Amino acid sequence: ECFSQPKDEL
Amino acid sequence: MNVFRFAGDMTHLFSVLVLLLKIYATKSCSGISLKTQELYALVFLTRYLDLLTDFISLYNTVMKLVFISSSLAIVWCMRAHPVVRRTYDKDQDTFRHYTLVAGSLVLALLFHDRFTIREVCWAFSIYLEAVAILPQLVLLQRSRNVDNLTGQYVFFLGAYRAFYILNWIYRYFTEQHFSRWIPWIAGLVQTGLYADFFYYYYLSWKNNVKLQLPA
């Protein structure tokens with residue numbers, strides 16, 4: 001998960 | 001959830017509400033770029049695919065549904081509403097937005113977390129969101145006289161991005177979210193795009209005059 005915006009965000 | 005993230009979500013929500021208010025109250029979408037609204041609808045539809053598979057919190061689910069439905073409603077109004085669609089500045093809203101879609105897709109295919117449909121879509125939505133405001137900024141620039149609600153819409157959108165950056169800085173120091181450099185770059189690009197607008201918005205607010213962007 002080093003690339004994306006945290007999945008708990010909108 | 002920290003205070004910056006919450007403030008970011010709320011200003012994002014305000015921006016959508018201001019836009020809906022403008023369209024419903026004035027029955028007009030003049031000054032609003034349909035292309036930007038279509039890009040946002042695409043951003044939300046591709047990013048929130050996880051609605052179907054994961055549950056994070058009631059808050060997240062409700063907000064995602066609000067963003068998807070409001071963006072689709074705005075696009076529908078501008079395209080199909082018998083009164084509103086006639087006020088759309090079609091001739092001035094000429095930004096070739098499909099180039100943004102194509103560019104974001106290429107970037108997403110090259111740089112993503114894992115090569116799965118969901119991860120590529122997620123990355124695509126991050127890139128596209130960073131540039132989706134461009135057609136709106138170009139239209140604002142062309143229409144010169146910007147009505148208050150349209151100015152506030154863009155102001156709240158910019159505030160949302162600024163709060164998200166603060167949120168990431170906060171999370172950087174409080175959690176172990178280290179190498180998340182893609183949203184950092186995308187977020188900075190997007191916030192940078194607003195900097196110019198913010199400056200003129202501030203001037204118009206300070207001098208209490210109508211917002212006017214330079215030619």
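A few remarks follow.
- Among the residues listed as B:Asp50, B:Asp89, the single one being at pLDDT below 95, over 22 Å from B:Val154 (Cα atoms) and out of contact with any Pro (no Cβ under 6 Å at 6 or more places or on another chain): B:Asp50
- Residues in segment B:135-144 include none that are under 19 Å from B:Leu17 (Cα atoms), small (Gly, Ala, Ser) and in contact (Cβ under 8 Å) with a residue 60 or more places away in the chain.
- Residue-level check: of (1) over 14 Å from the mean Cα position of the chain (by Cα); (2) assigned to a helix (DSSP H, G or I), B:Gly158 misses just (1).
- Hits in segment B:85-116 (condition: out of contact with any helix residue (DSSP H, G or I) (no Cβ under 8 Å at 6 or more places or on another chain) and surrounded by 18 or more Cβ atoms within 10 Å (Cβ to Cβ)): none
- Taken over segment B:64-109, residues that are of a type in the set (Asp, Glu) and within 14 Å of another protein chain (Cβ to nearest Cβ) amount to 0.
- Answer from B:Thr61, B:Thr116 - the residue that is within 14 Å of chain A (Cβ to nearest Cβ), of a type in the set (Ser, Thr, Tyr) and in contact with a Phe, Trp or Tyr (Cβ under 9 Å, 6 or more places away or on another chain): B:Thr61
- One residue stands out in segment B:177-187 among those that are farther than 18 Å from A:Leu10 by Cβ and at pLDDT 70 or above: the one that is farthest from the other protein chains (Cβ to nearest Cβ), namely B:Ile185.
- Among residues of segment B:16-45 being buried (at least 19 other Cβ atoms within 10 Å of the Cβ) and within 14 Å of chain A (Cβ to nearest Cβ), the one that is nearest to B:Leu105 (Cα to Cα) is B:Val43.
- Residue among B:Thr94, B:Thr87, B:Thr99, B:Thr61 that alone is in contact (Cβ under 8 Å) with a residue 60 or more places away in the chain and polar (S, T, N, Q): B:Thr87
- Of residues in segment B:164-213 being farther than 20 Å from B:Ser143 by Cβ, polar (S, T, N, Q) and surrounded by 12 or more Cβ atoms within 10 Å (Cβ to Cβ), the one nearest to the chain's Cα centre (by Cα): B:Gln190
The values are calculated or read from the model by the stated rules, or taken from the named source; none is laboratory data. Given the structure is predicted, the values throughout are model-derived calculations rather than measurements. All Cβ positions, glycine included, derive from the backbone under ideal geometry; neighbour counts span all protein chains shown.
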